[in-house]
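Below: the structure, in structure tokens.
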Amino acid sequence: MSGSLEQWRAVDRYIVDTLIAEDEALQRAREDAHQAGLPLHEVAPNQGALLALIVRMSGARRVLEIGTLGGYSTIWLGRAVGPEGTVTTLEVNADYAALARHNIERAGLSSTVTVVAGPALDSLARLIDADVDPFGFVFIDADKPNNPRYLDAALKLTVAGSVIVADNVVRDGAVLDADSSDDCVQGVRAFLEQLRDHPRLDATALQTVGSKGWDGFALALVR
Ligand code: DHB
Ligand code: MG
């Protein structure tokens, strides 16, 4: 039984039931996304809570999310920045963006969160061109082959002290395969090497098990 997905799920359920206050807006954001047939890729409740804690620990007031999906993690981030903060979240799929806006509105976060529909690389280029104020926290959770390009953009949109988190850097251990023909694996591997090599980044990555299986996230600090 040790190490089984079933047991990881049970422990995640226990942790969430014991520790995580997921209200109706969060529950419905997840359920409506599933109902609408969106991929089951939103962060787990305890991961959402972790993102929110990191945002609050970092003191970030401006958050950038790459990959909105149905807005589940966005709600955690929107609550974490508080009423003075903002979240800009980028979503390639117009239908997902519309659902996310609905979920965000129900959570009372419409004035905190801006959902930008369209390819994230285009939206990022526009943010860079507009010379927007730097973001204190960036969450990268979109199409994995573009992770290196998302990190390049994030570095142009952050300052010393900004935090960057990327989801899904382990993927059932697939990350180990240097010769993988999977663009996602190559994107994640290139991203991790970029974290290692970039002179302005201190970074680590952690494996996780839980309701989303065996995966992990990377955490970086801009200096
Ligand atoms: C996938 C993407 C995600 O962001 C995630 O958390 C899990 C899986 C995927 O593309 O398969
Ligand atoms: Mg993810």
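For the reader, a short list of remarks on this structure follows.
- For segment 53-99, the set of GluC sites (Glu not before Pro) satisfying both a DSSP loop assignment and a count of at most 12 other C-beta atoms within 10 Å is given as GLU84.
- Note on THR204 and ARG13: their simple-model spin labels are 3.1 nm apart, each label 7 Å out from Cα toward Cβ.
- Applying the Karplus relation 6.51 cos²θ - 1.76 cosθ + 1.60 with θ = phi - 60° to segment 156-166 yields 3J(HN,Hα) values of 7, 10, 10, 9, 3, x, 5, 10, 10, 10, 10 Hz, where x marks Gly and Pro.
- Pairwise centroid distance, computed over Cα atoms, of segment 169-223 with segment 13-56, Å: 22
- Put simply, when 172-182, 115-125 are sorted by average Cβ atoms within 10 angstrom per residue, most first, you get 115-125, 172-182.
- Distant-in-sequence amide contacts of VAL87, defined by a placed amide H-H separation under 5 Å and a gap of 5 or more residues or a different chain, comprise VAL63, VAL113, THR114.
- Relative contact order [Cα under 8 Å, 6+ residues apart], the chain, whole percent: 19
- Coordinate range of the alpha-carbon atoms in the chain per principal axis, descending: 50, 44, 32 Å.
We did not get these values from a lab; they are worked out from the coordinates using the rules stated. As the structure is a computational prediction, the values presented were derived from the model and not from experiment. Neighbour counts are summed over all protein chains in view; Cβ atoms, including those assigned to glycine, are modelled from backbone coordinates with ideal geometry.
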